[in-house]
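Engineer: I have a structure here, written as structure tokens, and I will follow up with some questions on it.
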Amino acid sequence: MKLKMLVGPIMILALLAGTACQEAKKMTYPETKTVDQVDDYFGTKVPDPYRWLEDDRSAETEEWVKAQNAVTFGYLEKIPSGKS
């Protein structure tokens, strides 16, 4: 009997999750450049193509963050908050 009571809410959650997944697939993320940075740690070469993002005071990083935030907040604003 309890299972029958849960079927409705479970179906609604599944529908909402599916809708959110479809919406996420439509999102277009900004291009993130990569650089040819390779560090050598005692003979082990470790690529670090996103090293340029570590400079959080550069204009280039600031523009990248703004572009990422535009995508993120555009998505979050579409989520109903339940507030009127």
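The values are calculated or read from the model by the stated rules, or taken from the named source; none is laboratory data. Just so we're clear, the structure is a prediction, and the values are computed from it rather than from any experiment. Neighbour counts are summed over all protein chains in view; Cβ atoms, including those assigned to glycine, are modelled from backbone coordinates with ideal geometry. Side chains included, ligands, DNA and RNA excluded: accessible areas come from the protein's heavy atoms. Shrake-Rupley method; radii C 1.70, N 1.55, O 1.52, S 1.80 Å.
Engineer: Tell me, what ³J(HN,Hα) does each residue in segment 53-70 have, in order and in whole Hz, if you take phi through Karplus 6.51 cos²θ - 1.76 cosθ + 1.60 with θ = phi - 60° and put x for Gly and Pro?
Structural biologist: Listing the rounded values in order: 6, 5, 7, 6, 9, 7, 5, 5, 5, 4, 5, 4, 5, 4, 5, 5, 5, 4 Hz.
Engineer: If you don't mind, another one. With the crude spin-label approximation of a point 7 Å out along Cα→Cβ, what separation in nm comes out for Thr61 versus Met27?
Structural biologist: Taking the simple label geometry, Thr61 and Met27 are separated by 2.2 nm.
Engineer: Then there is this: Using heavy-atom solvent-accessible surface (probe 1.4 Å) with all chains present, what is the largest-first order of Val38, Val65? Spell out each step's value before the answer.
Structural biologist: Values: Val38 85, Val65 60 Å².
Largest accessible area first, the residues go Val38, Val65.
Engineer: What's the carbon and sulfur percent of segment 35-84's accessible surface, probe 1.4 angstrom, rounded to a whole number? Intermediate results must be reported in sequence, preceding the final value.
Structural biologist: On the way: 2360 of 4310 Å².
About 55 percent, which is the carbon plus sulfur part of the accessible surface.
Engineer: Take the Cβ-Cβ distance between Ile79 and Tyr41 as r, set R0 to 35 Å, and report the resulting FRET efficiency rounded to the nearest 0.05. Working shown, then result.
Structural biologist: Values: r = 42 Å, r/R0 = 1.21.
Rounded to the nearest 0.05, the efficiency is 0.25.
Engineer: How much accessible surface does Glu62 have with a 1.4 Å probe, in Å² rounded to 10?
Structural biologist: Rounded to the nearest 10, that gives 90 Å².
Engineer: Quick check: with the 1.4 Å probe, what order do Leu13, Leu76 take by accessible area, largest first?
Structural biologist: On the way: Leu13 115, Leu76 85 Å².
Reading off the accessible areas and sorting them downward yields Leu13, Leu76.
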